[in-house]
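Data block below; observations after.
The values are calculated or read from the model by the stated rules, or taken from the named source; none is laboratory data. None of these values were measured; they are calculated from a predicted model. Please note: Cβ atoms are built from the backbone with ideal geometry, for glycine as well, and neighbour counts cover all protein chains shown.
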Amino acid sequence: MSIINRKKQHIEICLKEEIEEKSYFDDIVLIYNALPDINFDEIDTKVEFLGKELNLPLIISSITGGTEEAKEINKVLAKVAENKKIGFAVGSQRAMIENKELIETFFVRDVAPSTLVLGNIGIPNLNELSSEEIKNALKEIGADGLFIHLNPAQEIAQKEGDVNFKNSAELLKKLVSELDFPIIAKEVGQGISKEVGETLKNCGIKIIDVAGVGGTNWIKVETFRGGSIPDSLLNFGIPTTCSLLELKNIGVDLISSGGIRNGLDIAKSIAVGAKICGIALPFLKAYENGGEKGIIDYIDKIENELKTVMFLVGAKNIKELRNKKYILKGFTREWNEQI
Ligand SMILES: Cc1cc2nc3c(=O)[nH]c(=O)nc-3n(C[C@H](O)[C@H](O)[C@H](O)COP(=O)(O)O)c2cc1C
């Protein structure tokens, strides 16, 4: 099956089927402050990330590219990202590297001239793509940096999956040394462990997006496409909350994603150690159900909820939120005790 048809099916399945896992964010409790020295109207949610100022610590995670429908989705999401001053990432650019006619389905700089825009490529593609080709793909869309996705669980469940991950770290190290763009390593929904984080750091990676278990489950998406994996492994992976705790002390910047659904999840992620957060599926659903307005409303809701939580924990800006105490319970607490 062509990449293009696969991309179409991914969107269809993500919108129609039950492919989301329950998140573990209930395991993190922020502590109420009954005497906040704060005027709600002065709460500041701005952050700087990769040299760009964002109004919220939020990026629209990599979703798509390559088809007419993908072009429209990317344009609308990126336009709102620009107006709301949040980040935006395109889906895997492999298709546009193979077929230059598809560049326009990834290009959003016409509607998002100034905000943070990130490219995307998969680690299995490093076997066949040169650093030069990847650099050109980033330049062609005017990206500020690159997400490189690590997705062995998705590939093993995919019927046409690429399951040769041999030498991946060496290939990544080479890419980091040859590419003069910031590179962020991400999963796609199964999380990243401390050991893998340290290997990534040794490859020169300075930012990791945990993309853990708790939101879109790509093992399940691929089984809906006819792939297979033993039933016992349908939920395999590291919850987002646990992955953040695994990586928080290894000396890299963290993005929290995988099941982030609201402002409270964002506040908890920041308190645990993330610099910013990423959301994918809810943005696709907001686009499908409400178009541009649906996406704007969703971001407004997130912003209001984040500000409200910040008021209730006594944090007037994101820096203060980072230092707020939290309580761990349940599975995430058990995990944390054994790291
Ligand atoms: C329809 C769809 C397509 C996606 N395509 C990509 C992709 O091309 N590259 C990538 O790194 N991640 C891709 N992702 C994964 C997301 O970037 C994200 O890591 C994952 O969905 C978990 O976040 P969520 O729970 O907020 O959806 C895709 C997600 C969706 C919903």
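The residue that is nearest to the ligand (Cβ to nearest atom), counting only those in the range 77-89 that are aliphatic (A, V, I, L, M) and out of contact with any Phe, Trp or Tyr (no Cβ under 7 Å at 6 or more places or on another chain), is ILE86.
Filtered by the rule that a residue be under 20 Å from ILE148 (Cβ atoms) and either away from the ligand (no atom under 12 Å from the Cβ) or over 21 Å from the mean Cα position of the chain (by Cα) (or both), the range 90-104 gives ILE97, GLU98, LEU102, ILE103. For the range 132-169, the set of residues classified as farther than 26 Å from GLY226 by Cα and either touching an Asp or Glu at 6+ places or on another chain (Cβ under 9 Å) or among the hydrophobic types (A, V, I, L, M, F, W, C) (or both) consists of GLU132, ILE134, LYS135, ALA137, LEU138, ILE141, ALA143, LEU146, PHE147, ALA169, listed by residue number. The residues listed here are THR223, THR240; of these, the one that is crowded, with 24+ Cβ neighbours inside 10 Å, hydroxyl-bearing (Ser, Thr, Tyr) and in contact with a helix residue (DSSP H, G or I) (Cβ under 8 Å, 6 or more places away or on another chain) is THR240.
Highlighted here are the strands (runs of 3 or more DSSP E) found entirely within the range 10-125 that include at least 3 residues which are over 21 Å from GLY290 (Cα atoms): 28-30, 47-49, 52-54, 117-122.
Of all residues in the range 245-259, those that are crowded, with 22+ Cβ neighbours inside 10 Å have Cβ atoms under 7 Å from Cβ atoms of residues that are among the acidic types (Asp, Glu), 6 or more apart or on another chain, in ILE255/ASP209; SER257/ASP209; GLY259/GLU21. Summed over the range 125-153, residues that are buried (at least 22 other Cβ atoms within 10 Å of the Cβ) and out of contact with any strand residue (DSSP E or B) (no Cβ under 7 Å at 6 or more places or on another chain) total 1. The C-beta contact set for the range 289-313 (first residue part of a helix (DSSP H, G or I), second residue among the charged types (D, E, K, R) and at pLDDT 95 or above, distance under 6 angstrom, 6+ apart or interchain) comprises ILE299/LYS84; VAL313/LYS324. Output the residue which, of all residues in the range 270-281 that are touching a residue at least 60 places away in the same chain (Cβ under 8 Å) and in contact with a helix residue (DSSP H, G or I) (Cβ under 7 Å, 6 or more places away or on another chain), is farthest from the ligand (Cβ to nearest atom). The qualifying residue farthest from the ligand (Cβ to nearest atom) is ALA271.
Residues that are in contact (Cβ under 8 Å) with a residue 40 or more places away in the chain and away from the ligand (no atom under 16 Å from the Cβ) within the range 198-232 comprise GLU198, LYS201, LYS206, GLY226, SER228, ILE229, listed in sequence order. Do we find a residue being of a type outside the set (D, E, K, R), surrounded by 19 or more Cβ atoms within 10 Å (Cβ to Cβ) and within 16 Å of the ligand (Cβ to nearest atom) anywhere in the range 38-57? The answer is yes, given that some residue of the range 38-57 is of a type outside the set (D, E, K, R), surrounded by 19 or more Cβ atoms within 10 Å (Cβ to Cβ) and within 16 Å of the ligand (Cβ to nearest atom).
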